[in-house]
Amino acid sequence: MSGGGEALAELAALLPGAVLTASEDIEPYRRDRALDPAAGVPLAVALPGSTAEVQAVVAWASRHGVPIVPRGMGTGLSGGATAVAGGIVLSTERMRAVTVDPATRTATVQPGLLNSELKAAVAERGLWYPPDPASFDICSIGGNIATNAGGLCCVKYGVTVDYVLGLEVVLADGRAIRLGGPLVKDVAGLSLVKLFVGSEGTLGVVTEIIVRLLPAPPAPRRVVAWFSSSSQAAAAIGEIAAAIRPSLLEYMDRNAVNAVEDLLGLGLDRSAEAFVLAGSDDLDPSGRDIATMVEAFGRHGATLVEETSPERGEQLAHARRVAIPAVEARGRLLLSDVGAPIPRLGGLIAGIERIAAQHRTEIAFIAHAGDGNTHPLVVFDPADVEAQRRAEAAYGEIMSLAVSLGGTISGEHGVGKLKRPWLESQIGADVLEIGQQIKDALDPQGIMNPGAIFEARAR
Ligand SMILES: Cc1cc2nc3c(=O)[nH]c(=O)nc-3n(C[C@H](O)[C@H](O)[C@H](O)COP(=O)(O)OP(=O)(O)OC[C@H]3O[C@@H](n4cnc5c(N)ncnc54)[C@H](O)[C@@H]3O)c2cc1C
């Protein structure tokens, strides 16, 4: 950075009282939930409160060639918000306004608003914002946009990008652009909204979002099934996903169930190999969806199948949502979110079980199974160097396995800084190069979240 202390003083003057520089204030902003040990120490954390302030910070960074790591709530699991040495963290936590417009069934949202806060604001008007990452009460809408977050209801309702109609983005040179708007149909120009959704802070800072809303869905009915074999559970899931559109189809293996049971004590079956929770909010009075689920689970050898009460169903969905923090209590995690086409889900699960055995490493396995998006949680003791080496080997092999099955290294968490080494193996050199050209066109200095998705440029 040119003129170190002076430049920082200039930044502080741009955002009076909203620039943190003391090391104890900066520390909580250095890592996201992936706890990347390679996190750098940033020069400062900027806390802008408006688009104009974001523009001022980004223009300042552009003038001085300072890297910017945009940050929502830091719940990311790919190291996307990992701080860069000599850069700044730009946190959107003060930008939390929301306006709901029932006439267009849209909401206009600032990026720092929590997903759960958006859901609550629109529910007051009888509306629903579907995307529901399990972290919905601790993650921001800006982070959801930047990672194109998924969640539990995505199996029926789609992911974040399916609800984004418009964006305001501050580009790397400080210009603010508007893309799309509260229009159900709009094909004017290239589809740049979709380019920015999932761009993980590498192309600009998202400062406002217009999301599409739906009428609130009917209360779901839920069925839980327990299996003594993961392959039987996977076969049942494949059959259900092909036959109907469930509103929920989630999976936990024995390790995950035991970790959740240790945390919540819900009376879950600790000895079962697989737990599957399915749901339907279909209004068909014949109850066809529920019958299809029950039959499929039974045909594929479930040891117990039952329709739950609404209260128990909610408890079990909560159990699935807390699986990551529950497993975190067992050690450090290397968190993967590999996916595979549904017919290959069984192959992915079997392969991961093989990898766990080969590397003598605990892997707890949870999945948004109905859309083939899985979370193998590789657990290790950080004090045991050899265990860490085996865990890292397992983590890499899981990604190679997913690619070999025609799957993905990331279904919803993003590539971030931690999965970049495996990206080319999935998308190929040509597609990676095209992405790099787009990145270079929008961010010629390479200051936007360097090291995420793309290799950081040497400075
Ligand atoms: C217990 C737990 C459960 C989870 N379950 C799910 C799940 O079911 N589905 C799912 O998809 N994810 C899940 N996640 C991961 C995480 O919550 C999501 O990736 C979420 O979208 C991150 O939001 P955040 O506000 O914490 O973003 P951060 O972690 O702060 O940032 C994530 C990325 O977005 C970028 N970014 C943030 N804000 C902006 C902005 N305004 N403009 C440009 N770039 C920005 C950052 O640079 C970074 O690359 C889970 C995480 C936890 C801890």
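Look through 193, 187 and report the one residue that is outside any strand (DSSP E or B), free of Cβ contacts under 8 Å to residues at least 60 places away in the same chain, under 30 Å from residue 62 (Cα atoms) and out of contact with any Ser or Thr (no Cβ under 6 Å at 6 or more places or on another chain).
Answer to the check: 193.
Within segment 409-459, which residues are more than 16 Å from the ligand (Cβ to nearest atom) and under 21 Å from residue 60 (Cβ atoms)?
If the condition is that a residue be more than 16 Å from the ligand (Cβ to nearest atom) and under 21 Å from residue 60 (Cβ atoms), then 444, 445, 457, 459 are the ones that fit.
Please name all residue pairs, on different chains or six or more residues apart, with Cβ atoms under 6 Å, provided the first residue is in segment 403-427 and is free of Cβ contacts under 8 Å to residues at least 40 places away in the same chain and the second residue is assigned to a strand (DSSP E or B) and among the aromatic types (Phe, Trp, Tyr).
none
Looking at segment 239-248, can you tell me whether even one residue there is farther than 17 Å from residue 317 by Cβ and charged (D, E, K, R)?
yes
State which residue pairs qualify: first residue without any contact (Cβ under 8 Å) to a residue 60 or more places away in the chain and inside segment 112-134, second residue more than 14 Å from the ligand (Cβ to nearest atom) and assigned to a loop (DSSP other than H, G, I, E, B) in any location, beta carbons under 6 Å apart, and separation of 6 or more residues or different chains.
Correct list of pairs: 125/102.
Considering each of 234, 188, 216 in turn, give the residue that is away from the ligand (no atom under 14 Å from the Cβ) and at pLDDT below 95.
Every option except 216 fails the conditions.
So which residues in segment 138-162 are within 13 Å of the chain's Cα centre (by Cα) and either away from the ligand (no atom under 12 Å from the Cβ) or assigned to a loop (DSSP other than H, G, I, E, B) (or both), if there are any at all?
Within segment 138-162, 138, 139, 148, 149, 150, 151, 152, 159 qualify.
In this structure, does residue 71 turn out to be modelled with pLDDT of 95 or more, among the charged types (D, E, K, R) and under 26 Å from the mean Cα position of the chain (by Cα)?
Yes, satisfied.
Looking at 383, 441, 393, which one is part of a helix (DSSP H, G or I) and in the same structural domain as residue 324 (by TED's automatic domain parsing)?
393
Condition first: exposed (fewer than 15 other Cβ atoms within 10 Å of the Cβ), in a helix (DSSP H, G or I) and within 16 Å of the ligand (Cβ to nearest atom). Can you find one or more residues in segment 309-324 that meet it?
Yes; the residues of segment 309-324 include at least one that is exposed (fewer than 15 other Cβ atoms within 10 Å of the Cβ), in a helix (DSSP H, G or I) and within 16 Å of the ligand (Cβ to nearest atom).
Would you please list the contacts, defined by Cβ atoms under 7 Å and residues six or more apart or on different chains, that run from a residue in segment 226-249 that is in a loop (DSSP other than H, G, I, E, B) to a residue that is at pLDDT 95 or above and of a type in the set (Lys, Arg)?
Correct list of pairs: 245/156; 246/156; 247/156.
Would it be correct to say that residue 195 is away from the ligand (no atom under 16 Å from the Cβ) and either at pLDDT 95 or above or of a type outside the set (A, V, I, L, M) (or both)?
no
Does segment 268-289 include one or more residues that are part of a helix (DSSP H, G or I), among the basic types (Lys, Arg), in contact (Cβ under 8 Å) with a residue 40 or more places away in the chain and surrounded by fewer than 24 Cβ atoms within 10 Å (Cβ to Cβ)?
Checked against the condition, which is being part of a helix (DSSP H, G or I), among the basic types (Lys, Arg), in contact (Cβ under 8 Å) with a residue 40 or more places away in the chain and surrounded by fewer than 24 Cβ atoms within 10 Å (Cβ to Cβ), segment 268-289 yields at least one hit.
Taking segment 62-75 as the search range and keeping residues that are part of a helix (DSSP H, G or I) and in contact with a Gly (Cβ under 8 Å, 6 or more places away or on another chain), which one is farthest from the ligand (Cβ to nearest atom)?
64
The values are calculated or read from the model by the stated rules, or taken from the named source; none is laboratory data. Because the structure is predicted, anything quoted here is derived from the model rather than measured. Positions of Cβ are generated from backbone atoms using ideal geometry, with glycine treated the same way; all protein chains shown enter the neighbour counts.
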